[in-house]
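Below you'll find the structure, written out as structure tokens, and then a few comments.
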Amino acid sequence: MKDDSASYYDSREFSELLASYENMLTEGGSVYFDSMDIANIAEYYTLSGEPDKSDAAIEYGLSLHPSDPDILIAKANNLLMRGRKDEATVIAESIDDPDNQELVYLKGVIAIASDDPTAADAYFTQAVELSDHDPGMFNDIIVKFMDNRYFELCQKWLDMALVMSPDSRNFIELQADLFFDTGQADSAIEWYNHLLDEFAYDTYYWEQLGRIYYEKNDFPKAKECFEFIEAIEPDNTSAHMMKAGCLFSLEQWEEAFRIYRSLLDDDRNSYTLLYYCGRCLYELGNNDDALFYLTDSLEMLMSDTDVPQELYTELYYVMASCYYRNGNPAQARTYLYEGLAIDPDDQDLQELARQILPDEEASLFIEKTPEKN
């Protein structure tokens, strides 16, 4: 889901407010701000990934407005983002303002953090009523349920939102995203296409469609989606990478290699790009050049402790195959053994073992078919 939270924080009014606050910090002294302005400044810093600045704004606000509900709510939200649920709960319970929609919403968020979606739903219902069914409040609730994978409640709130605002681009997009997240591919395709009918140059929708078609193994349609993104944003690296993935799956090795090689010029330390460059050349029968890329990829893989073991398995298989094709059985065996040590049941490695190893040695790694009675 993309972030469309622009609105107030991009407005001239807020820009001037933020500039006034930051000038105060630069020049020293003290300037008066009302409590809501401070709460907004704190939230802006939080959304911008600057929690320390947000904390500082909150503390300054509390020096001006001790015990102000809006500022305390902002403080509780910051604590929640750091996983400090109990401290956020203490603050929320200390605020005596039962008709404050943001406070009731905060209690709903705390309930989600406590794995109590039923209580969260009740708090959110109350918050929406207090907000006079504000669409922005609906949006926040839907996103919160979606982010925490309470998909049934997310759908419940989306149903209400779409009845209230059936033409809302935001709610239609959220529904498409929910279908995407829950694996309802055909419905997601329908809703993203509906959005593209009106917003044909929104690359987010094309990317989501491309990913769905890719997962459905419909690589020609997926490639078309990523080509639309390339036409709109020629420098979109993600689209280039995904298009190359489609070409790779379609076994169009030369064209895939050209894209991977071009991307590698801008990211020389990507073991993924090195691997795919090598893999394309291997499929084209260019074993020497393939090994050049694959060897570099292996060296970089070994410096990353978070690499899944299956990546090593794939790499060892391709390298062993290259050496075997090149008439270097000793090196081929080395990488074959490395791969089998990780996954002795890998079918590709077992088939290669049949080719490379003497029968007795290969039989140590290959499962025998049980004899029929």
Go through Tyr123, Tyr150 for me and flag whichever is in contact with a Pro (Cβ under 6 Å, 6 or more places away or on another chain) and open to solvent by 50 Å² or more (accessible area, probe 1.4 Å).
Tyr150
Does segment 152-169 contain any residue that is in a helix (DSSP H, G or I), under 17 Å from the mean Cα position of the chain (by Cα) and of a type outside the set (Asp, Glu)?
no
Which residues, taken from segment 203-222, are within 29 Å of Asp289 (Cβ to Cβ) and buried (at least 22 other Cβ atoms within 10 Å of the Cβ)?
Ala222
May I ask you to verify whether Glu224 is in a helix (DSSP H, G or I) and either in contact (Cβ under 8 Å) with a residue 24 or more places away in the chain or touching a Leu at 6+ places or on another chain (Cβ under 6 Å) (or both)?
no
Could you grab me the full set of residues in segment 101-132 that are part of a helix (DSSP H, G or I) and hydroxyl-bearing (Ser, Thr, Tyr)?
Tyr105, Thr118, Tyr123, Thr125
Pick from Ile110, Ile91, Ile95, Ile58: which is surrounded by 14 or more Cβ atoms within 10 Å (Cβ to Cβ), touching a Ser or Thr at 6+ places or on another chain (Cβ under 6 Å) and aliphatic (A, V, I, L, M)?
Ile110
Against the conditions (1) part of a helix (DSSP H, G or I); (2) over 34 Å from the mean Cα position of the chain (by Cα), where does Pro98 fall short? Just the number, please.
(1)
Just to verify a result, which residue in segment 273-304, among those that are farther than 16 Å from Ala320 by Cα and at pLDDT below 95, is least open to solvent (accessible area, probe 1.4 Å)?
Leu301
Might you check whether a residue that is part of a helix (DSSP H, G or I) and on the phi > 0 side of the Ramachandran plot occurs anywhere in segment 28-46?
no
For Tyr105, indicate whether it is of a type in the set (Ser, Thr, Tyr) and either more than 28 Å from the chain's Cα centre (by Cα) or farther than 29 Å from His65 by Cα (or both).
no
Tell me which residues, restricted to segment 132-147, are closer than 18 Å to Leu103 by Cα and open to solvent by 20 Å² or more (accessible area, probe 1.4 Å).
Asp132, His133, Asp134, Pro135, Gly136, Asn139, Asp140, Val143, Lys144
Of the conditions (1) closer than 20 Å to Ile229 by Cα; (2) more than 20 Å from the chain's Cα centre (by Cα), Tyr204 satisfies every one except a single condition; which number is it?
(2)
Would you call Leu247 without any contact (Cβ under 8 Å) to a residue 40 or more places away in the chain, open to solvent by less than 10 Å² (accessible area, probe 1.4 Å), part of a helix (DSSP H, G or I) and closer than 28 Å to Glu227 by Cα?
yes
Any chance segment 330-342 includes a residue that's of a type in the set (Gly, Ala, Ser), part of a helix (DSSP H, G or I), under 26 Å from Asn269 (Cβ atoms) and at pLDDT below 95?
yes
Scanning segment 58-90 residue by residue, those more than 24 Å from Tyr32 (Cα to Cα) and part of a helix (DSSP H, G or I) turn out to be Leu79, Leu80, Met81, Lys85, Asp86, Glu87, Ala88, Thr89, Val90
Can Leu174 be described as open to solvent by less than 60 Å² (accessible area, probe 1.4 Å) and in contact (Cβ under 8 Å) with a residue 60 or more places away in the chain?
yes
Can you find, within segment 343-373, the residue that is modelled with the lowest pLDDT among those that are touching a helix residue (DSSP H, G or I) at 6+ places or on another chain (Cβ under 8 Å) and of a type in the set (Val, Ile, Thr)?
Ile366
Going residue by residue through segment 262-269, is there one that turns out to be open to solvent by less than 40 Å² (accessible area, probe 1.4 Å), more than 21 Å from Thr203 (Cβ to Cβ) and touching a residue at least 12 places away in the same chain (Cβ under 8 Å)?
yes
Residue, least open to solvent (accessible area, probe 1.4 Å), within segment 227-244, restricted to residues that are assigned to a helix (DSSP H, G or I) and polar (S, T, N, Q):
Ser238
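The values are calculated or read from the model by the stated rules, or taken from the named source; none is laboratory data. These figures come from a predicted structure and were not determined experimentally. No Cβ is skipped: glycine too gets one built from the backbone with ideal geometry, and neighbour counts run over all protein chains shown. Accessible surface is based on the protein model in full, side chains and every heavy atom, while ligands, DNA and RNA are left aside. Shrake-Rupley method; radii C 1.70, N 1.55, O 1.52, S 1.80 Å.
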